[in-house]
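Take a look at the structure set out below.
The values are calculated or read from the model by the stated rules, or taken from the named source; none is laboratory data. All of these numbers come straight from a predicted model, not from anything done at the bench. Backbone-built Cβ (ideal geometry, glycine too); neighbour counts: all protein chains shown. Just so you know, the surface numbers come from the protein's heavy atoms only, side chains and all, with ligands and any DNA or RNA stripped out. Shrake-Rupley method; radii C 1.70, N 1.55, O 1.52, S 1.80 Å.
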Amino acid sequence: IKISKNSAKLRNAVGGELIAQYYDVADPALKESKLREAVGHLQEAVHIHPTYKNAYLLMGNAHFYLNEFEPAIQAYQRALQLDPGYAEATRNLGLAYRDGGKFYGEQQGNLAKALQYLNQALQYMPNDYETLRLLGVANGMGGNQQQAIEFFRRAAEANPESADAWYNLGTAHLAAGNAEQGQAFRQKAIQIDPQVVQRMGN
């Protein structure tokens, strides 16, 4: 890269390799430093070659691993503008919306933004258990008990072997005043895993 600074392909390769080697390192400072270095190379790649869809995908991945969900989403969207059939960008965009929704809900306490992101994730991953579960949680926290029940029902159907899924559905019914259904679903959860009550904590 020191010799061929103006090669978009080489910039893309260096950015991709930095992500591959450092996205899950234990040292947070090293991870951030190397991922930001990767973003710099990828920005150069698209500056040289503005229609380089893989560089946008990798840029999105770097931002995703940095928990920078808005720029990650923008990068994936740009990749999809260049190639609407780009399956990897579509999948990663759904994951960015899902994990962004979880981040804004759990870390930032921003329920409105969490719901916005999770509803977007649902468009890309309509049968994804975690997306459905998070939408159940977010709607329950927002006081929309019927929507919470619906999403927890879909989550349980997506992952019927999960005791947690049925327990969540039972909890949502109890919160809505449906005591009989709530207890029935909780019992179903206990049959799958007797430890579920202790683990779920309510």
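Round to the nearest 10 and report in Å² the accessible area of Asp24, as given by a 1.4 Å probe over the protein chains' heavy atoms.
100 Å²
Straight-line reach from Lys9: which lysines have a Cα under 29 Å away, not including same-chain ones fewer than 8 places off?
Qualifying lysines at Cα under 29 Å: Lys31, Lys34, Lys53.
So if R0 is 41 Å, what FRET efficiency would Lys5 and Arg91 give, r being the distance between their Cβ atoms, rounded to the nearest 0.05? Display every interim value, and only then the final one.
Numbers: r = 32 Å, r/R0 = 0.78.
E between Lys5 and Arg91, to the nearest 0.05, is 0.80.
Would you work out the relative contact order for the chain, in percent, from Cα pairs under 8 angstrom that are 6 or more residues apart? Display every interim value, and only then the final one.
Values: 287 pairs, mean separation 20.1, N = 202.
Relative contact order comes out at 10 percent.
Phe185 accessible area, nearest 10 Å², 1.4 Å probe?
Using a 1.4 Å probe on the heavy atoms, I get roughly 50 Å².
Between Asn119 and Gln21, with labels modelled 7 Å along Cα→Cβ, what's the label distance in nm to one decimal, could you check?
4.4 nm
Express the relative contact order of the range 51-99 as a whole percentage, based on alpha carbon pairs under 8 Å and six or more residues apart in sequence. Walk me through the intermediate numbers first.
Details: 50 pairs, mean separation 18.3, N = 49.
Relative contact order here is 37 percent.
Taking the radius of gyration and the Kirkwood hydrodynamic radius from Cα positions alone, what is the Rg/Rh ratio for the chain, to two decimal places?
Details: Rg = 20.6 Å, Rh = 18.6 Å.
Using only Cα positions, Rg/Rh for the chain is 1.11.
Given a 1.4 Å probe and every protein chain left where it sits, what share in percent of the accessible area of the range 92-156 is carbon and sulfur? Before the final figure, lay out the partial values.
On the way: 1290 of 2930 Å².
The nonpolar share, carbon plus sulfur, comes to 44 percent.
Provide the FRET efficiency to the nearest 0.05 for the Lys31-Ala184 pair, computing r from the beta carbons and using R0 = 45 Å.
Details: r = 46 Å, r/R0 = 1.02.
The computed FRET efficiency comes out at 0.50.
Accessible area per residue, 1.4 Å probe, Å², for the range 19-177: what's the number?
Numbers: 7540 Å² over 159 residues.
With the other protein chains kept in place, the range 19-177 gives 47 Å² per residue.
Note the full-extension length gain between Asn110 and Gln77 as 0.36 nm times their separation in residues minus their Cα-Cα distance, in nm to one decimal.
Roughly 9.6 nm would be gained on extension.
Leaving out ligands, DNA and RNA, what percent of the accessible area of the range 1-77 is carbon and sulfur, probe 1.4 Å?
51 percent
Rounded to the nearest 500, what is the 222 nm mean residue ellipticity of the chain from helices alone, with -39500 (n - 2.57) per DSSP H run of 4+ residues and division by all residues? Could the numbers behind the result be given before it?
Working: 11 runs with 156 residues, N = 202.
That comes out to -25000 deg cm²/dmol.
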